[in-house]
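Here the structure is laid out as structure tokens; the discussion comes afterwards.
Laboratory data are not the source of any read-out in this text; all were calculated from the coordinates shown. Note that the structure is a prediction, hence the values are computed from the model and not measured. Don't worry about glycine lacking a Cβ; one is built from the backbone with ideal geometry, like all the others, and counts go over all protein chains shown.
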Amino acid sequence: MLKKGLILAILIGFSLMFIPLIQNFHGNDKLSDLAKYYTENAEHGAGAANIVTAIVITYRGLDTLGEVVILFLTASVIGFFLKISKSEKDETLRFSKLRKTSELLETATKALVPTIFMFGVYIFINGHLTPGGGFQGGAVIATGFVLMLLANPQFKVNHKVIEYIESLSGFSFAILGALGAIIGLGFLDNKILPLGTFGELLSAGIIPVIYSFIGLKVGAELSGIVETLSENQSEIEI
Amino acid sequence: MLYTISTLILSLIVLVLAVIAIIHKNITVAIIAMGTVGLFTSVIFLLLAAPDVAMTEAAIGSGLTTVIFFYVLNKIKNHDA
């Protein structure tokens, strides 16, 4: 009782600290200088119809590289700690215990998975034109992968393929960024390819290329995480 | 006005589901409640004019996280037995 009272008192104390913050808050009636710069320059400077993409890939490209690295570390740590027991006998034992997936799920998966993959690719290829981008597209691809695993748990993925897609995309992303520093104005500069016509698929310089690589990388990483966890379920039967 | 009301209703749903996710005794129900929090949050993001974030939240928050939690739950359950 005393403990709960103390916790409550501490929480109330913390919330009191935020009162001056709320009292001093007043919203901006116009854009800040940085926001104004972005909104004015995204069209001609970066050539992207989607300003968010222009900021994420070009103006704040280094942050995106950091995010990709964090995701990569997460995937590696999960793969490192969840060791997979390689034994054919365990596998058959495990699958014999599983309930058979329903006809509905299997048929729907056959129809839906290619569509979901295509939608994911659409999202990251059109990242500079419509809302969305590499991370979103990759996540959508991974959900399609989850559906595939749910319908058919025996499904085996070639780990080598996932690894190669993932490392090659990450490598190309870093190389393209470095090319910007060598040829263009700075690291991850998007003008090393022609900007093209505003609003077309092949425009905005290097943004669609980088976003495609990010999409492949994120999709491969998230699928890899789910796949590792799914395979790791077999360890339990021993 | 309609915008404010719909955002408020969605926020209330999210709050209720979040409380369910915390206090429910059955872990399966709690995980599903957590996934639904992600789903409704993505709708709120969409209403707040952030379609990029909404997409991520819908795919990761309600799709992948739920599945990963179920995998982990299954593993933990089997270890206990």
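Report the FRET efficiency, 1/(1 + (r/R0)^6), for B:I9 and A:N158, where r is their Cβ-Cβ distance and R0 is 30 Å, rounded to 0.05. Display every interim value, and only then the final one.
On the way: r = 47 Å, r/R0 = 1.55.
Calculated value: 0.05.
In degrees between 0 and 90, to the nearest 10, how far off the longest principal axis of chain B does helix B:27-47 point, with axes built from Cα atoms?
Approximately 20 degrees, to the nearest 10.
Any chance you could run the full-extension gain for A:R99 through A:F81? It's 0.36 nm times the residue separation minus the Cα-Cα distance, nm to one decimal.
3.7 nm
Please compute, for peptide A:139-148, the average count of beta-carbon atoms on other protein chains lying within 10 Å of each residue's beta-carbon.
4
Residues of the range B:1-23 with backbone nitrogen within less than 15 Å of a virtual label 7 Å along the Cα-to-Cβ line of B:L47, please, listed as ranges.
Hits in the range B:1-23 for B:L47 at 15 Å: B:1-17.
Just to confirm the number: angle between the C-alpha axis of helix B:2-23 and the first principal axis of chain B, 0 to 90 degrees, nearest 10?
Approximately 10 degrees, to the nearest ten.
Hey, can you list the DSSP H helices of chain A whose Cα span along the axis is 20 Å or longer and whose average Kyte-Doolittle score is at least 0.0? Can you show the working numbers first?
Working: long enough: A:2-17 (23 Å, 1.85); A:61-81 (30 Å, 1.74); A:103-125 (34 Å, 1.34); A:134-151 (26 Å, 1.74); A:159-182 (34 Å, 1.07); A:207-232 (37 Å, 0.83).
Length and hydropathy pass: A:2-17, A:61-81, A:103-125, A:134-151, A:159-182, A:207-232.
Looking only at other chains, what is the average number of their beta-carbon atoms within 10 angstrom of each beta-carbon in B:49-58?
5
Given a Förster radius of 45 Å and the C-beta distance between B:I23 and A:S167 as r, what FRET efficiency does 1/(1 + (r/R0)^6) yield to the nearest 0.05? Don't jump to the answer; show the numbers that get you there.
Numbers: r = 43 Å, r/R0 = 0.96.
With R0 = 45 Å, the Cβ-Cβ based efficiency is 0.55.
If r is the Cβ-Cβ distance from A:T107 to A:L73 and R0 is 45 Å, what FRET efficiency results, to the nearest 0.05?
After rounding, the FRET efficiency stands at 0.70.
List, in the order given, every pair from A:K110/A:K160; A:K160/A:K217; A:K110/A:K217; B:K25/B:K77 whose Cα-Cα distance in the structure shown is over 19 Å. Kindly include the intermediate steps, with their values, before the conclusion.
Details: A:K110/A:K160 24 Å; A:K160/A:K217 14 Å; A:K110/A:K217 24 Å; B:K25/B:K77 15 Å.
Violating the 19 Å Cα-Cα cut-off are A:K110/A:K160; A:K110/A:K217.
Between Rg and the Kirkwood Rh of chain A, both from Cα atoms, what is the Rg to Rh ratio?
1.11
Which whole-number value in Å³ per residue fits the convex hull of the alpha carbons of chain B?
Hull volume over Cα atoms, normalised by residue count, gives 65 Å³.
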